[in-house]
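All remarks here apply to the structure that follows.
The values are calculated or read from the model by the stated rules, or taken from the named source; none is laboratory data. All figures in this text were calculated on a predicted structure; none of them were measured in a lab. Neighbour counts are summed over all protein chains in view; Cβ atoms, including those assigned to glycine, are modelled from backbone coordinates with ideal geometry. The protein model used for the area step is the full one, side chains on, heavy atoms only, and it has no ligands, DNA or RNA in it. Shrake-Rupley method; radii C 1.70, N 1.55, O 1.52, S 1.80 Å.
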Amino acid sequence: MPDKNLYSLFESRFPDDMTQTAFEGPDIARYSYADVHAASARIAYFLLQQGALPGDRVAVQVGKSVEAVILYLGCLRAGLVYLPLNTAYKAAEIEYFLTDASPALVVCDPASLESIRDIAATAGVKEVLTLDEAGKGSLMTGAVSFPGHFDTVVRTGDDLAAILYTSGTTGRSKGAMLTHNNLASNALSLHRAWHFEADDVLLHALPIFHVHGLFVALHCAFLNANKVIFLTRFDAKAVIENLPKATVFMGVPTFYVRLLAEATLTKDACRTMRLFTAGSAPLLEETFNAFSARTGHVILERYGMTEAGMITTNPYDGERKAGTVGFPLDNDVRIADEDGRILADGEIGILEIKGPNVFKGYWQMPEKTAAEFRPDGYFITGDMTQKGEDGYYRIVGRAKDLIISGGYNVYPKEIESFIDDMPGVAESAVVGRPDPDFGEAVVAFVVAADDDAGATLTAETVTAYIKEKLANFKVPKQVYIVEDLPRNTMGKVQKKLLRDRALADA
Ligand code: MLC
Ligand code: AMP
């Protein structure tokens, strides 16, 4: 059986001189490719020795460190399925993921060990290991005595490499199953499209529990054994200080808004750079224009999603157009109406895609998977799209009720269900409001119940209630207590009116 393990692809591109730098950064030690290769071997051995078997899931909720990246590589090598979780998730959210994915092992920050151990025990997890932001914990102490050579487990292209949870319009998160082939094909497409070269240096400031920071950015670098300047969090000043050592930077639009707020972002600071890319949310034309005026660099905007990696990109060589996401990568795309009727060029409809990058389906949700694919295999993205006369694609809206705040997806339904369960609440509606920093901000409209708890309900008590249980990026930036929700004659909440009100107030 030919080996399609993604790690084997990376290994085939490792440098002849393995002492070359893989990672360095202001807050971390330097790691060579030899260090990364040996450490991922030790982790692969250790995880298997802990009782995990190839195909088992390893759920990981840890801060950003090089060791966390090496853990991802170790999982690939051991044939384990990597399941990263946003560090902002709270206990109730984690409980859902662990119960749904039934991982063999969990790796968490030592600070959350106690609460995660309880949840893990209920979910039947064999072992909980720890890894902190400094790269220390029982994972590393357990792995250290194992050999630095490991025969990477052979995988077919169709075997799972990772499961990434994405929220759903029904409020229940779905685990997108990504295969070794999905990840490898997309990495190779991007590497080619964006002209990665041997001497590129990637400045990395994204979180590593989502497609953008984990796959898009790191995979491009690994395919050329590039050096990665690894920032453990996004800080605009630190990014600008490190730009003169880098050639490529990738960010969500909020990163660019925050970089532009710094006077030190100048042409000179960008003198070594060859490429800035943006995605995960729409990049405003004003940000695109301000960035090119200030730095002389035209941001390359691309579009993608958890289920498919990157789908379209503006051209590297041709014109990069503001407000567009360019052309399809190595996947077939078409624009259709809600019933699947294919529309003519220029018409606005929902983008459907098919290709080697498109995921295998949602973990243990065959009905949901079937509902999001057409019979001929096209996946329905839910993004309203238009192909212009110039051939460029534009994402003009969303058919799904989704808010993207600072690059994180928030599904109103999840927040509404949560608020509706609060004592004193009759009902609620959650919408997005334009926000200069996060692109969109979450706003909630809440109707108090006609009871004692309802009589004392305030915006502050609603916010505090949500903050205790849900990830902070889901917490509404504003809560309105209202008499009732506007409804149409069918009884459906008129979210547009709520959006207009939130916008007028902003
Ligand atoms: C943090 N907060 C957010 C938030 N991030 N609120 C809304 N939206 C967000 N994205 C909260 C904080 O907890 C804090 O709340 C308050 O807002 C201000 O925090 P901050 O210090 O300004 O936030 P910071 O820690 O600097 O984080 C902002 C950020 C981060 C932009 C750096 O959100 C980020 O790294 N975003 C990138 C997301 C990403 O990688 N997406 C890719 C998904 S993949 P409080 O209450 O504590 O004051 C994908 C596919 C594709 O979509 O196409 O790429
Ligand atoms: P996620 O599920 O976190 O992977 O988010 C994917 C969603 O982000 C897509 O379905 C789009 O709605 C949105 N998205 C990603 N990139 C862009 C972009 N460049 N412009 C507009 N929306 C984008």
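Excluding same-chain residues fewer than 8 positions from residue 413, which lysines have a Cα within less than 17 Å of its Cα?
Cross-link targets: 174, 368, 400, 467, 469, 474, 477, 492, 495, 496.
What FRET efficiency, computed as 1/(1 + (r/R0)^6) with R0 = 25 Å and r the Cβ-Cβ distance, is obtained for residue 487 and residue 453, rounded to the nearest 0.05?
Efficiency, from the Cβ-Cβ distance: 0.60.
Give me the accessible area per residue for the chain, probe 1.4 Å, as a whole number in Å².
On the way: 20410 Å² over 506 residues.
Per residue, the chain has 40 Å² of solvent-accessible surface.
Let me have the relative contact order for the chain, percent, based on Cα pairs under 8 Å that are six or more residues apart.
Details: 1091 pairs, mean separation 59.7, N = 506.
Relative contact order for the chain comes out at 12 percent.
What percent do you get for the relative contact order of region 403-505 when only Cα pairs under 8 Å and 6+ apart count? Before the final figure, lay out each step's value.
Working: 174 pairs, mean separation 27.2, N = 103.
Reported as a whole number, the value is 26 percent.
Choose one of 292, 130, 196: the residue whose Cα lies farthest towards the positive end of the charge dipole of the chain (beta-carbon charges +1 Lys, Arg; -1 Asp, Glu; about the Cα centre).
196
Apply the Karplus parameterisation 6.51 cos²θ - 1.76 cosθ + 1.60, with θ equal to phi minus 60°, to every residue of region 460-470 and state each ³J(HN,Hα) to the nearest whole Hz, in sequence, with x for glycine and proline.
5, 5, 5, 4, 4, 4, 6, 4, 5, 10, 10
Can you check what the net charge comes to around residue 92, using other residues whose Cβ is under 10 Å from the Cβ of residue 92 (Lys, Arg +1; Asp, Glu -1)?
-1
Pop a pseudo-label 7 angstrom from the Cα along the beta-carbon direction at both residue 27 and residue 297 and give the gap in nm to one decimal.
Each label point is offset 7 Å from its Cα along the Cβ direction, giving 2.1 nm.
May I ask you to compute the full-extension gain from residue 86 to residue 198, defined as 0.36 nm times their residue separation minus their alpha-carbon distance, rounded to one decimal in nm?
Taking residue 86 through residue 198 to full extension adds about 37.2 nm, to one decimal.
Given the C-alpha atoms of region 102-162, compute the convex hull and give its volume per residue in Å³.
It is 119 Å³ per residue.
In debye, nearest 20, what is the charge dipole magnitude of region 403-505 about its Cα centre with +1 on Lys and Arg Cβ and -1 on Asp and Glu Cβ, if you could check?
500
Taking the Cα atoms of region 403-505, what is the range of coordinates along each of the three principal axes, in descending order and whole Å?
Largest first, region 403-505 extends 38, 35, 22 Å along its Cα principal axes.
Roughly speaking, what is the centre-to-centre gap between region 435-506 and region 46-108 when only Cα atoms are used, to the nearest Å?
So the two Cα centres are separated by 34 Å.
Between Rg and the Kirkwood Rh of region 246-374, both from Cα atoms, what is the Rg to Rh ratio?
Rg/Rh: 1.06.
Quick one: grab Rg to one decimal and Dmax as a whole number for region 6-233, Cα atoms only, in Å.
When restricted to Cα atoms, region 6-233 yields Rg and Dmax of 16.5, 50 Å.
Suppose each label sits 7 Å from its Cα in the direction of the beta carbon; what would the residue 396-residue 122 distance come out to in nanometres?
4.6
In whole percent, how big is the carbon plus sulfur part of the accessible area of the chain, probe 1.4 Å, protein atoms only? Display every interim value, and only then the final one.
Working: 10450 of 20410 Å².
It is 51 percent, rounded to a whole number.
Name the residue farthest towards the positive end of the dipole of the chain from the options 89, 322, 20, assuming +1 on Cβ of Lys and Arg, -1 on Cβ of Asp and Glu, about the Cα centre.
Among 89, 322, 20, the one farthest towards the positive end of the dipole of the chain is 20.
Can you show me the helix-derived [θ] at 222 nm for the chain, built from DSSP H runs with n ≥ 4 at -39,500 (n - 2.57) apiece and divided by the number of residues, rounded to the nearest 500.
-8500 deg cm²/dmol
Mind giving me the FRET efficiency for residue 241 and residue 20? R0 is 25 Å, r the Cβ-Cβ distance, nearest 0.05 is fine.
According to the calculation, E is roughly 0.60.
Residues in region 387-408 near a label at residue 337, defined as backbone nitrogen under 19 Å from the 7 Å Cα→Cβ point?
387, 396-400
Quick one: work out the % antiparallel among DSSP beta bridges in the chain, nearest 5.
Close to 60 percent.
Near the amide H of residue 130, under 5 Å away, which other amide H atoms are found, from residues 5 or more places off or on another chain, if H is placed in the peptide plane?
Placed amide hydrogens put 108, 138, 139 under 5 Å from residue 130.
Give me the Kirkwood hydrodynamic radius of the chain, using the inverse of the mean 1/r over all pairs of distinct Cα atoms, in Å to one decimal.
23.7
Report the net charge of residues surrounding residue 312, where surrounding means a beta-carbon distance below 14 angstrom and charges are Lys +1, Arg +1, Asp -1, Glu -1.
Numbers: positive: 302, 320, 321, 334, 354, 387, 394; negative: 301, 330, 332, 352, 383, 390.
Cβ neighbours under 14 Å give a net charge of +1.
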